[in-house]
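Working notes, structure below.
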Amino acid sequence: MVVSTAITQGIRVTVSTVYVPTQSSPTEHRYVFAYTVRIANEGTEPAQLRTRHWIITHGSGKVEEVRGPGVVGQQPSLKPGEHFEYTSGCVLETPRGTMRGTYQMHRPDGRVFDAEIASFTLAMPHSLN
């Protein structure tokens, strides 16, 4: 299920999530989620993803920030019409939380911009009640 979509300068970032009960342990306040990100270049110029910045907010209000090069060990270059997809994970201390962030993108002429990753919810099934 797609939970967020954002478009910045022709770069569409779509995220879907799933709760991973086999790796979670609610009695130990460990809730594991997998998220799949699809980065599509719907614009007219190439762009390369260089860095990522995630803001993870637990249901308790605790905030974590994660910064680093690329995604899953790669810095994909996307020509117009191309896309890159990967799956990663997040561990929360609460059954619900949110994630949002940016990917720093570079154009061949040296221009740099942040492609938005719209906020999305991580929620253990039935935790909304």
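Residue check: is His83 at positive phi and of a type outside the set (Gly, Ala, Ser)? Here the answer is no, as His83 does not meet what is asked. Residue check: Met99 meets all listed conditions (1) surrounded by fewer than 18 Cβ atoms within 10 Å (Cβ to Cβ); (2) at negative phi; (3) among the aliphatic types (A, V, I, L, M) but one, namely (1).
Within the stretch 64-79, being surrounded by 13 or more Cβ atoms within 10 Å (Cβ to Cβ), touching a residue at least 24 places away in the same chain (Cβ under 8 Å) and of a type outside the set (S, T, N, Q) holds for Val71, Pro76, Leu78. Selection over the stretch 102-129 of residues that are surrounded by 13 or more Cβ atoms within 10 Å (Cβ to Cβ), touching a residue at least 60 places away in the same chain (Cβ under 8 Å) and under 30 Å from Glu28 (Cβ atoms) gives a count of 7.
Selection of the stretch 50-91 for residues being part of a loop (DSSP other than H, G, I, E, B), of a type outside the set (S, T, N, Q) and closer than 20 Å to Tyr19 by Cβ yields Gly59, Lys62.
Does any residue of the stretch 26-49 turn out to be among the hydrophobic types (A, V, I, L, M, F, W, C), exposed (fewer than 12 other Cβ atoms within 10 Å of the Cβ) and either assigned to a strand (DSSP E or B) or without any contact (Cβ under 8 Å) to a residue 60 or more places away in the chain (or both)? Checked the stretch 26-49: no residue is among the hydrophobic types (A, V, I, L, M, F, W, C), exposed (fewer than 12 other Cβ atoms within 10 Å of the Cβ) and either assigned to a strand (DSSP E or B) or without any contact (Cβ under 8 Å) to a residue 60 or more places away in the chain (or both).
Checked against (1) farther than 19 Å from Arg52 by Cα; (2) part of a strand (DSSP E or B); (3) of a type in the set (D, E, K, R), Asp109 passes all but a single condition, namely (2).
Name every residue in the stretch 92-106 that is of a type outside the set (S, T, N, Q) and either assigned to a strand (DSSP E or B) or touching a helix residue (DSSP H, G or I) at 6+ places or on another chain (Cβ under 8 Å) (or both), in order of residue number. Listed by number, the residues that qualify are Leu92, Pro95, Arg96, Gly97, Met99, Arg100, Gly101, Tyr103, Met105, His106.
All of the numbers you see were taken from the coordinates with simple rules; none came from a lab. From a predicted model like this one, the values you see are computed outputs, not experimental measurements. Cβ atoms come from the backbone with ideal geometry, glycine included; neighbour counts cover every protein chain shown.
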